[in-house]
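Shown next, in structure tokens, is the structure this report addresses.
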Amino acid sequence: MAPGGNSLFMGQWKRLFNEPPGVPMVDWVCTIPNDGIIRYLDIFNSEAILPTSEAALAEILAAKSDEFVKPRAMTKAVKSFFGSGLTFAEGREHKIQRKSLMPAFSFRHIKDLYPSFWAKSCEFVDIITTEVLTHPEPAGVAGKSGSQPSSVVDISSWLSRATLDILGDVGLGHNFEAMSNEKSSLLVAYSKIFAPSAQTQILVAMNLFFPRWVVRNIPLKRNRELYDAAVVIRDNCRSIIKKRRMEMGEMKNTNVDIFSAIQSSGADDEGLVEQLVGILAAGHETPATAVFWAVCLLAKHPDIQNRLRADIRSHLPPPQTVYGTTALRNPPIQIDRIPYLQAVCNEVLRLCPPFPIGWREVAGHGTTLLGQPLPKGTRVMVVPWAINRDPARWGPDAGTFDPERWMGPGRAGSGGASSNFAFMTFFHGPRSCIAENFARTEIACLLAVLVGRFEMELEHPEKELAARRGLTSRPMGVGVRMRLVDGW
Ligand code: HEM
């Protein structure tokens, strides 16, 4: 069966356009009986399919990943901000590039970097602490008179700044100064690209039907902004290359950070730039979105927040330890060994995957899915937002935030679901997120320092949390009150 209520020429487009990404699909997965595939009509009644069963997802993402490729129209629409490196390479070229980048993202290597992730996160929480202390709310305003200083902080923007700096510092050996300088050119460029905008959605959709040069020349302010941002990002990438080359000089490079992994792939200068553009785009907005969801969900669930704070404080050294003495600058951190922190992170990533929808299309003739023939060019939507909330996989409380499902024997890695494909946040198969370990470490460190130090509550607790429109799924229009909690 297919979703009903199609408009005459635009199928389900109105819903898909107006609702946050993935939300209509949650509805379809929960209500439309299907045999693993839901077919629906998209813009101009073009056919699209939504795979729902493990078998269908496994064929698309693993067994037949070469037949289900990134849509060409989508690629040309976003390549200028996501680069033409690994993210959009296909076939043999993709395999070669992925192999050369893998060492920089291996679990072993990321584990060695825990102290660096932690140090940067401590720097971040110190800045937020200063924000609260320099702009405290008057006593009484925040409801708890006589308590610790508090302030409503734009934590969403601060997280984007922090993740850009962590990626620069830990992954690329470069300081973007995003935390210290709100006018950092890269930060400004990305805030334009990721700003929710109906015009962007329309421009992206137009690429499905018109040549790139036509879309590119549509005289919309948004078009110009995106183009200018892409230029700034590439300029920054060229500066990184120049600086890193100078630093390395004649010395043999033994470092395995992301930059040197890209460099060792033998890419020429423009190839390096494209790869860096891709890593920067994929690598900072998504973790920032995840941590912001975590903050909002914890603010809605003070009991979970309090339990997590106690757990963090009992396992991790206070952030100021980093600044105390040189000897303690990099205290050993076992960030992956704190069960409740891991459970909370898993549950946030399940319920609110920062990358809510992925696109594929059938590359050639003769492709089948679950035995059904699919014409060349058929659009396929892989939707973590919907699969991760499917009651058939996660039970009747699939839409509820409940870290407990990741606690208890045998549940830490599965959340109690019977298949890997119930958790789609990083996808699976040869095109899954190459940086899952990097992202998980970063999210855990940032969340730990925030929850450890602050009590967090929503400025307007009565408001429903909803994702905004855009490529990622950030909560929309939410102010968060951060209140210092003594003792850490
Ligand atoms: C919570 C954070 C993150 C999430 C949810 C996430 C999710 C994803 C997903 C779903 C894909 C597959 C997209 C597709 O094929 O259509 C992907 C690919 C990718 N991600 Fe991530 N990602 C995260 C963080 C990061 C970080 C921190 C980096 C870099 C440091 C990164 C780099 C990449 C790259 C390079 C690819 C392309 C891999 C390939 O095609 O082989 N991601 N990510």
Residue tally, condition within 16 Å of ASN388 (Cβ to Cβ) and in contact with a strand residue (DSSP E or B) (Cβ under 6 Å, 6 or more places away or on another chain), over the range 11-24: 1
Reported set for the range 375-386 where residues are in a loop (DSSP other than H, G, I, E, B) and buried (at least 21 other Cβ atoms within 10 Å of the Cβ) is VAL383
Of everything in the range 197-223, what is part of a helix (DSSP H, G or I) and more than 30 Å from ALA267 (Cβ to Cβ)? Give them in sequence order. ALA198, GLN199, GLN201, ILE202, ALA205, MET206, VAL214, LYS221, ARG222
Determine the pairs where a residue that is modelled with pLDDT of 65 or more and in a loop (DSSP other than H, G, I, E, B), located within the range 137-161, has a partner that is among the aliphatic types (A, V, I, L, M) and surrounded by 13 or more Cβ atoms within 10 Å (Cβ to Cβ) with Cβ atoms under 6 Å apart, the partner being 6 or more residues away or on another chain. GLN148/LEU484; PRO149/VAL132; PRO149/LEU484
Looking only at residues that are at pLDDT below 95 and charged (D, E, K, R) in the range 321-371, which one is surrounded by the most Cβ atoms within 10 Å (Cβ to Cβ)? ASP336
Being of a type in the set (Gly, Ala, Ser) and either within 12 Å of the ligand (Cβ to nearest atom) or touching a strand residue (DSSP E or B) at 6+ places or on another chain (Cβ under 9 Å) (or both) is the filter here; which residues of the range 330-363 pass it? GLY358, ALA363
Can you tell me which residues in the range 211-244 are exposed (fewer than 13 other Cβ atoms within 10 Å of the Cβ) and modelled with pLDDT under 85? PRO211, TRP213, VAL214, ASN217, PRO219, LYS221
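Okay, residues lined up against (1) among the aliphatic types (A, V, I, L, M); (2) open to solvent by 20 Å² or more (accessible area, probe 1.4 Å):
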position: PRO409; (1), (2): no, yes
position: ASN420; (1), (2): no, yes
position: PHE423; (1), (2): no, yes
position: ARG431; (1), (2): no, yes
position: ILE434; (1), (2): yes, yes
position: GLU442; (1), (2): no, no
position: LEU447; (1), (2): yes, no
position: LEU450; (1), (2): yes, no
position: GLU457; (1), (2): no, yes
Taking the range 169-195 and keeping residues open to solvent by less than 30 Å² (accessible area, probe 1.4 Å) and assigned to a helix (DSSP H, G or I) leaves VAL170, GLY171, LEU172, LEU186, LEU187, ALA189, TYR190, ILE193, PHE194
Could you check, for the range 225-246, whether at least one of its residues is in contact (Cβ under 8 Å) with a residue 60 or more places away in the chain, within 16 Å of the ligand (Cβ to nearest atom), under 27 Å from the mean Cα position of the chain (by Cα) and closer than 16 Å to GLY171 by Cα? yes
Within the range 272-288, residues small (Gly, Ala, Ser) and more than 8 Å from the ligand (Cβ to nearest atom) come out as ALA281, ALA288
Filter result for PRO396 (open to solvent by 60 Å² or more (accessible area, probe 1.4 Å) and either more than 25 Å from HIS284 (Cα to Cα) or in contact (Cβ under 8 Å) with a residue 24 or more places away in the chain (or both)): yes
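Take LEU465 and tell me if it is within 16 Å of the ligand (Cβ to nearest atom), touching a residue at least 12 places away in the same chain (Cβ under 8 Å) and either at negative phi or not polar (S, T, N, Q) (or both).
no
Give ARG440, ARG389 a once-over and let me know the one that is in the same structural domain as GLN305 (by TED's automatic domain parsing), within 25 Å of ALA288 (Cα to Cα) and either modelled with pLDDT of 95 or more or part of a helix (DSSP H, G or I) (or both).
Just one listed residue meets the conditions, ARG440.
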Cβ-Cβ under 6 Å pairs, at least 6 apart or on other chains, the range 345-367 side more than 29 Å from ARG474 (Cα to Cα), far side away from the ligand (no atom under 12 Å from the Cβ): VAL362/LEU374; VAL362/LYS376; VAL362/THR378; ALA363/GLU67; GLY364/LYS376; HIS365/LYS376; THR367/GLU67; THR367/LEU374
Residues of the range 28-51 being open to solvent by 50 Å² or more (accessible area, probe 1.4 Å) and touching a residue at least 24 places away in the same chain (Cβ under 8 Å), in sequence order, are CYS30, PRO33, ASN34, ASP35, ARG39, LEU41, PHE44, ASN45, GLU47
Would you please list the contacts, defined by Cβ atoms under 8 Å and residues six or more apart or on different chains, that run from a residue in the range 69-84 that is within 22 Å of SER191 (Cβ to Cβ) to a residue that is open to solvent by less than 40 Å² (accessible area, probe 1.4 Å) and acidic (Asp, Glu)? GLY83/GLU274
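Output the residue which, of all residues in the range 266-286 that are part of a loop (DSSP other than H, G, I, E, B) and over 14 Å from ALA89 (Cα atoms), is least open to solvent (accessible area, probe 1.4 Å).
GLY266
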Residues that are within 11 Å of the ligand (Cβ to nearest atom), closer than 26 Å to VAL232 by Cα and open to solvent by less than 30 Å² (accessible area, probe 1.4 Å): list the helices (runs of 4 or more DSSP H) wholly contained in the range 52-119 that include at least 1 such residues. 72-82, 91-105
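The values are calculated or read from the model by the stated rules, or taken from the named source; none is laboratory data. Nothing here was measured: the structure is a model prediction, and the numbers come from that model. Quick reminder, even Gly has a Cβ in these numbers, built from the backbone with ideal geometry, and neighbours come from all protein chains shown. Areas reflect the complete protein model, heavy atoms only, side chains present, ligands, DNA and RNA absent. Shrake-Rupley method; radii C 1.70, N 1.55, O 1.52, S 1.80 Å.
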